[in-house]
Amino acid sequence: MAADPPVFRFAPSPNGLLHLGHAYSALLNADLARAEGGRLLLRLEDIDPARCTPALEAMLLQDLDWLGFAHEGSVRRQSEHFDCYRAALDALVGEGLAYPAFMTRGEIRRHAAAFEEAEGRPWAVDPDGAPLYPGLDRLLSEAERRARIAAGEPFAWRLDMEAALQRLAAPLAFRETGGGEPADVPAEPALWGDVVLARRDTPTSYHLSVVVDDAIQGVTRVVRGRDLLAATSVHRVLQALLGLAVPVYHHHDLILGPDGQKLAKSRGDVSLRALREAGLTPVDIRRMVGLTAEAQATP
């Protein structure tokens, strides 16, 4: 019996204009899918309604169409599937693996600063450089949690990482092809501490929604930027806890700006739309991001 074709996906957020980094990731996904006879899907990670607008989505789709990105089937919008993420969150809460946390980002930073001043050594940070959540709200009684939620206090649902790792017991790993030869990479989720799974006004986070979506869509090959390599450790924990299939990962190099920094929408880096309006063609874009005119990419 012939094996099912691999399933790839490109999953941008419509919260700004696409730039060359997005173009590289989209085209690499398309090239690899074509080379392996795979399927290619498009997902919009639009869980933030304040930043992800219909106008930006329309421009994103226009830019991808101009680029020649041809995906299969309809677009999956995360904003239309909050019920799926809520079900996953409820499962974790029901297993005692997630808890409501009331400390704000500012309070976490102040807690870290007070520790550093008192102890004379730095507070631990996660791979993205943010101070780890101290986990103080794990100690609250159920009655106090209910009372604070009923009073309207803002809170986030956080994964109890220690409890999660005790539940799983066995070490986790994932298959990575982005470094050349395929290799099994050990997952290090403890480096992230008690990550956010959802907030009171948004029933999911990037970590939770991405693993749920990949499983629902049958994604077998995740091709994305190297800046998300460390986050894969969190995704492996959630996949294991929720009983989800594990894709093969390919974390590609990033397209950097003249200053050597990663391109970002928030910094106003040159957009694909601006390059198109300046007269560049999709072939020019492929050349600029280091891809050949004809798709010849392999993992």
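From (1) surrounded by 15 or more Cβ atoms within 10 Å (Cβ to Cβ); (2) more than 27 Å from residue 155 (Cα to Cα), pick out the condition that doesn't hold for residue 182.
(1)
Go through the residues of the stretch 38-59 one by one and say whether even a single one is out of contact with any Lys or Arg (no Cβ under 6 Å at 6 or more places or on another chain) and at positive phi.
Looking through the stretch 38-59, none of the residues is out of contact with any Lys or Arg (no Cβ under 6 Å at 6 or more places or on another chain) and at positive phi.
Residue 34: surrounded by fewer than 19 Cβ atoms within 10 Å (Cβ to Cβ), within 30 Å of residue 132 (Cβ to Cβ) and over 19 Å from the mean Cα position of the chain (by Cα), yes or no? Even if it seems obvious, please write down each step before you answer.
Working: surrounded by fewer than 19 Cβ atoms within 10 Å (Cβ to Cβ): yes; within 30 Å of residue 132 (Cβ to Cβ): no; over 19 Å from the mean Cα position of the chain (by Cα): yes.
When the stated conditions are applied, residue 34 does not pass them.
So is residue 61 more than 30 Å from residue 162 (Cα to Cα), assigned to a helix (DSSP H, G or I) and not charged (D, E, K, R) or not? Explain how you work it out, then say what you get.
Values: more than 30 Å from residue 162 (Cα to Cα): yes; assigned to a helix (DSSP H, G or I): yes; not charged (D, E, K, R): yes.
Yes; evaluated as a whole, the condition is true for this residue.
Of the conditions (1) surrounded by 12 or more Cβ atoms within 10 Å (Cβ to Cβ); (2) acidic (Asp, Glu); (3) within 26 Å of residue 231 (Cβ to Cβ), residue 153 fails just one. Which one is it?
Evaluating residue 153 over (1) surrounded by 12 or more Cβ atoms within 10 Å (Cβ to Cβ); (2) acidic (Asp, Glu); (3) within 26 Å of residue 231 (Cβ to Cβ) leaves (3) as the failure.
Conditions: (1) surrounded by 14 or more Cβ atoms within 10 Å (Cβ to Cβ); (2) out of contact with any strand residue (DSSP E or B) (no Cβ under 7 Å at 6 or more places or on another chain). Residue 104 meets all but one. Number of the miss?
It fails just one condition, (1).
Quick check: is even one residue across the stretch 48-68 of a type in the set (Ser, Thr, Tyr) and closer than 30 Å to residue 147 by Cβ? Reasoning before the result, please.
Taking the stretch 48-68 and keeping what is of a type in the set (Ser, Thr, Tyr), we get 53.
Now drop any that are not closer than 30 Å to residue 147 by Cβ, which leaves none.
No, the stretch 48-68 contains no residue that is of a type in the set (Ser, Thr, Tyr) and closer than 30 Å to residue 147 by Cβ.
Which residue out of 73, 16 is over 29 Å from residue 145 (Cα atoms), modelled with pLDDT under 95, crowded, with 19+ Cβ neighbours inside 10 Å and not hydroxyl-bearing (Ser, Thr, Tyr)?
Numbers: 73 fails: crowded, with 19+ Cβ neighbours inside 10 Å.
The match here is 16.
Can you work out which of the residues in the stretch 37-57 that are among the hydrophobic types (A, V, I, L, M, F, W, C) and touching a residue at least 40 places away in the same chain (Cβ under 8 Å) is surrounded by the fewest Cβ atoms within 10 Å (Cβ to Cβ)? Reasoning before the result, please.
Step one: of the stretch 37-57, the residues among the hydrophobic types (A, V, I, L, M, F, W, C) are 40-42, 44, 47, 50, 52, 55-56.
Now restrict to residues that are touching a residue at least 40 places away in the same chain (Cβ under 8 Å): 41, 47, 56.
Details: 41: 23, 47: 23, 56: 19.
Residue satisfying both the conditions and the ranking: 56.
Which residues, taken from the stretch 21-37, are within 19 Å of residue 217 (Cβ to Cβ) and either out of contact with any Ser or Thr (no Cβ under 8 Å at 6 or more places or on another chain) or at pLDDT below 95 (or both)?
We begin by selecting, within the stretch 21-37, every residue within 19 Å of residue 217 (Cβ to Cβ); these are 25-26, 28-30, 32-34, 36-37.
Selection gives 25, 26, 28, 29, 30, 33, 34, 36, 37.
Which helices (runs of 4 or more DSSP H) does the stretch 190-295 wholly contain that include 2 or more residues that are β-branched (Val, Ile, Thr) and surrounded by 21 or more Cβ atoms within 10 Å (Cβ to Cβ)? Write out each step before concluding.
Numbers: elements: 206-216, 232-242, 272-277, 282-288.
Filter on the stretch 190-295 gives 206-216, 232-242.
The values are calculated or read from the model by the stated rules, or taken from the named source; none is laboratory data. These figures come from a predicted structure and were not determined experimentally. With ideal geometry, Cβ positions are generated from the backbone for all residues, glycine too; neighbour counts draw on all protein chains shown.
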